Amino acid sequence: APLLIVASGGHRVDLKRAAGHAGVRKVRRASPDFVLRFTGQEVGGVAPIGHPAPLPTLVDTALAEYPQVWAGAGLPHTMFRTTFEELVALTGGEAADVGV
């Protein structure tokens with residue numbers, strides 16, 4: 001099942017911590033085909049919103065350290081400015097400490 005994790009490009013995601021927050025035994029990185037199938041967007045520009053169906057989402061709490069953050073906007077080389085609080089609200093996601 002898909003799980004969207006929104007994290008800083010400067011951090012790695014701790015998959016064990018992410019699994020704990022998601023309430024599942026294991027989380028693994030998705031293949032590009034899996035990403036395209038569930039988001040309708042190609043790796044390299046995936047937006048946190050605008051998918052064919054809502055995705056369970058974790059938003060890394062490390063993003064709260066920044067007054068503004070830039071998120072993918074659906075295509076490579078496209079982004080939009082937002083805030084940590086807006087990301088959590090827009091995605092209906094859970095704020096979670098998943099970064100390393």
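The values are calculated or read from the model by the stated rules, or taken from the named source; none is laboratory data. The shown structure was predicted, so the numbers you read here are calculated from the model rather than taken from an experiment. FYI the Cβ positions are ideal-geometry reconstructions off the backbone, even for glycines, and counts take in every protein chain you see. With ligands, DNA and RNA removed, areas are computed over all heavy atoms of the protein, side chains included. Shrake-Rupley method; radii C 1.70, N 1.55, O 1.52, S 1.80 Å.
Count the DSSP beta bridges whose two residues both fall in the chain, then state the antiparallel fraction as a percent rounded to the nearest 5. That works out to approximately 45 percent antiparallel. Model label points for residue 86 and residue 24, set 7 angstrom from Cα along the Cα-to-Cβ axis, are 2.9 nm apart. Neighbours of residue 84, meaning other residues whose beta-carbon lies under 10 angstrom from its beta-carbon, give a summed charge of -4 when Lys and Arg score +1 and Asp and Glu score -1. Scoring 60-71, 39-50 by mean Cβ neighbours within 10 Å over their residues and listing the highest first yields 39-50, 60-71. Taking amide H as placed 1.01 Å from N in the peptide plane, residue 99 has its amide H under 5 Å from the amide H of 14, 61, 62, each at least 5 places away in sequence or on another chain. Counting Lys and Arg as +1 and Asp and Glu as -1, what is the net charge of the other residues whose Cβ lies under 15 Å from the Cβ of residue 6? Net local charge, residue 6 excluded: -3. Here region 1-99 is treated as a sphere whose radius is the Kirkwood value from Cα pairs; by Stokes-Einstein at 37 °C and 0.692 mPa s it diffuses with a coefficient of 242 µm²/s. As a fraction of the 1.4 Å probe accessible area of the chain, surface on carbon and sulfur atoms comes out at 56 percent.
In this structure, the amide hydrogen of residue 94, modeled 1.01 Å from its nitrogen in the peptide plane, lies closer than 5 angstrom to those of 57, 58, 59, counting only residues at least 5 positions away or on a different chain.
For region 3-54, the per residue solvent-accessible surface stands at 69 Å², with DNA, RNA and ligands left out and a 1.4 Å probe.
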